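Novice: If you scroll down you'll find the structure; I have some questions about it.
The values are calculated or read from the model by the stated rules, or taken from the named source; none is laboratory data. As the structure is a prediction and not an experimental result, all values here were calculated from the model. Here the Cβ is made from the backbone with ideal geometry for all residues, glycine too, and neighbour counts use every protein chain on show. In case anyone asks, the SASA skips ligands and DNA or RNA and just uses the protein heavy atoms, side chains included. Shrake-Rupley method; radii C 1.70, N 1.55, O 1.52, S 1.80 Å.
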Amino acid sequence: MPLYNSIDRKVLKENLLAEPFVRKTISFYRYFILDNPQEFRDQLYREWADLNCFGRIYIAREGINAQMSVPEGNLESFLLSLKNHPVFENIPIKYAIQDNGKSFYKLSIKVKDKLVADGLNDDTFDVTNVGRHLDAREFHELVESCEHIVVDVRNHYESEIGHFKGAICPEADTFREELVLIADLLKEKKEAKLLLYCTGGIRCEKASAYLKHHGFKDVNQLHGGIIEYAGKIKQLNLQSNFIGKNFVFDERMGESVDGQVISHCHQCGKSCDVHLNCANDLCHLLFIQCEECAEKFEHCCSIECRDLKNSSEAEKQRYRHTIAPKFGNRSVYRKSFRLAKNTTFADSNSESGQ
């Protein structure tokens, strides 16, 4: 069997929608040492393809980071298959907060240099000297006390739609930027108790080690991340200290934790927490858009992108070779809501005669 997908994306998505069975979305990660990541990758692909699993899995010499969609009828077999590999022994499995079973449409397993692209030289600090792991209840109670510093180690587009109450949410586009910003923002607070959190816990492993290396004395992290917290708080019937939606890196783009919407459409300012990528293939910028603006701008981030999407191939080629680099620049994301009020929103008002 081929060890990669060769079917067109459109066909795969149509097949997913036509499936008569339910899928479960899960995630897990673990740091361990692999002598031959490619061989391990190929072995897992064979096993998981046979079980009709989908997902985005990264494998590196330092371990595995997986987000997956498994047919409910094959879930037990999948969990049993993990036990055939000693490195997966007792690995914590996190289940999605909200799951429509359409999180992934193909199986993608890639070998990477690192599980988390942090741009750091791991030889410069002890990556195993991580912070103290807190379970969901411990973290909940410490956040509720309002006596400690809560830090979101995710990117800005994630924290914009949901975060813990009172958390510091640096405006960073990448994890590498995030670590440097946090260390600088809190450089006068090295004796304070830090409470770190991320989506599933993996980024906190590296972030806590980085901060400890830079002299922070009391570094703590939410074990299992927001996903584990949301599930546990629901079981305990406690009011969530996480407000809004948890951003996820699959087709769903997010899952609500407490039902609140705390972000806004980047084009009109209306309350909204729906992420999408600009429908102009030369842009593909990730942004937030409400239903009304989606209709008006045809799922594009601006009038310019809408017009380019509908233009001739010759016009698209001209843009591709001239000003295309301006499109899809992720560094503009964190400014997009402010830009919307000054440009796109103003343009849309002008277009509509307001």
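Novice: Between a first residue in the range 132-158 that is under 13 Å from residue 229 (Cα atoms) and a second residue that is part of a strand (DSSP E or B) and aromatic (Phe, Trp, Tyr), which pairs have beta carbons less than 6 Å apart while being 6 or more apart in sequence or on different chains?
Specialist: These pairs meet every condition: 143/164.
Novice: Evaluate the following for residue 298: is it part of a loop (DSSP other than H, G, I, E, B), open to solvent by 40 Å² or more (accessible area, probe 1.4 Å) and touching a helix residue (DSSP H, G or I) at 6+ places or on another chain (Cβ under 6 Å)?
Specialist: Values: part of a loop (DSSP other than H, G, I, E, B): yes; open to solvent by 40 Å² or more (accessible area, probe 1.4 Å): yes; touching a helix residue (DSSP H, G or I) at 6+ places or on another chain (Cβ under 6 Å): yes.
Here the answer is yes, as residue 298 does meet what is asked.
Novice: Looking for something open to solvent by 10 Å² or more (accessible area, probe 1.4 Å), of a type outside the set (Phe, Trp, Tyr), under 19 Å from the mean Cα position of the chain (by Cα) and over 30 Å from residue 266 (Cα atoms) - is there at least one such residue anywhere in the range 93-103? Write out each step before concluding.
Specialist: Looking only at the range 93-103, we keep the residues that are open to solvent by 10 Å² or more (accessible area, probe 1.4 Å), and these are 93-100, 102.
Those left that are additionally of a type outside the set (Phe, Trp, Tyr): 93-94, 96-100, 102.
Applying the additional criterion that residues be under 19 Å from the mean Cα position of the chain (by Cα) yields 93-94, 96-100, 102.
Among the residues that remain, those that are also over 30 Å from residue 266 (Cα atoms) are: 93-94.
Within the range 93-103, one or more residues are open to solvent by 10 Å² or more (accessible area, probe 1.4 Å), of a type outside the set (Phe, Trp, Tyr), under 19 Å from the mean Cα position of the chain (by Cα) and over 30 Å from residue 266 (Cα atoms).
Novice: A further question follows. Can you list residue pairs whose Cβ atoms sit under 8 Å apart, with the first residue in the range 163-191 being at negative phi and of a type in the set (A, V, I, L, M, F, W, C) and the second being in a loop (DSSP other than H, G, I, E, B) and open to solvent by 80 Å² or more (accessible area, probe 1.4 Å)? Count only pairs 6 or more apart in sequence or on different chains.
Specialist: That search, which allows pairs on different chains as well, returns 175/117; 181/171.
Novice: Starting from the range 89-115, take each residue that is under 10 Å from residue 69 (Cα atoms) and list its partners that are surrounded by fewer than 17 Cβ atoms within 10 Å (Cβ to Cβ), counting only C-beta distances under 6 angstrom and pairs at least six apart or across chains.
Specialist: Short answer, once both residue conditions are applied: 101/22; 102/251; 103/251; 105/12; 105/13; 106/5; 106/12.
Novice: Residues 195, 211: which one is part of a strand (DSSP E or B), in contact with a strand residue (DSSP E or B) (Cβ under 6 Å, 6 or more places away or on another chain) and over 27 Å from residue 103 (Cβ atoms)? Spell out how you get there, then give the answer.
Specialist: Details: 211 fails: part of a strand (DSSP E or B).
Among 195, 211, only 195 is part of a strand (DSSP E or B), in contact with a strand residue (DSSP E or B) (Cβ under 6 Å, 6 or more places away or on another chain) and over 27 Å from residue 103 (Cβ atoms).
Novice: Name the pairs: first residue in the range 302-314 and at pLDDT below 90, second residue aliphatic (A, V, I, L, M) and buried (at least 18 other Cβ atoms within 10 Å of the Cβ), Cβ to Cβ under 6 Å, at least 6 apart or on different chains?
Specialist: Final answer for the pair search is none.
Novice: Select from the range 276-295 the residues that are within 25 Å of the chain's Cα centre (by Cα) and open to solvent by 80 Å² or more (accessible area, probe 1.4 Å) and list them in ascending order. Spell out how you get there, then give the answer.
Specialist: The initial filter retains those residues of the range 276-295 that are within 25 Å of the chain's Cα centre (by Cα), namely 276-291, 293-294.
If the condition is that a residue be within 25 Å of the chain's Cα centre (by Cα) and open to solvent by 80 Å² or more (accessible area, probe 1.4 Å), then 281, 284, 291 are the ones that fit.
Novice: A further question on this structure: Go through (1) touching a helix residue (DSSP H, G or I) at 6+ places or on another chain (Cβ under 9 Å); (2) closer than 17 Å to residue 215 by Cβ; (3) of a type outside the set (D, E, K, R); (4) open to solvent by 10 Å² or more (accessible area, probe 1.4 Å) and name the single condition residue 182 misses.
Specialist: (4)
Novice: Here's a follow-up. Which pairs do you get when a residue that is in a strand (DSSP E or B), found in the range 262-274, comes within reach of a residue that is small (Gly, Ala, Ser) and open to solvent by 10 Å² or more (accessible area, probe 1.4 Å), reach meaning Cβ atoms under 8 angstrom, with the pair 6+ apart or on two chains?
Specialist: As it stands, the answer is 264/271, since those pairs meet every condition given.
Novice: Quick one: how many residues across the range 104-121 are open to solvent by 40 Å² or more (accessible area, probe 1.4 Å) and either over 25 Å from residue 26 (Cβ atoms) or part of a loop (DSSP other than H, G, I, E, B) (or both)?
Specialist: Residues meeting the conditions: 7.
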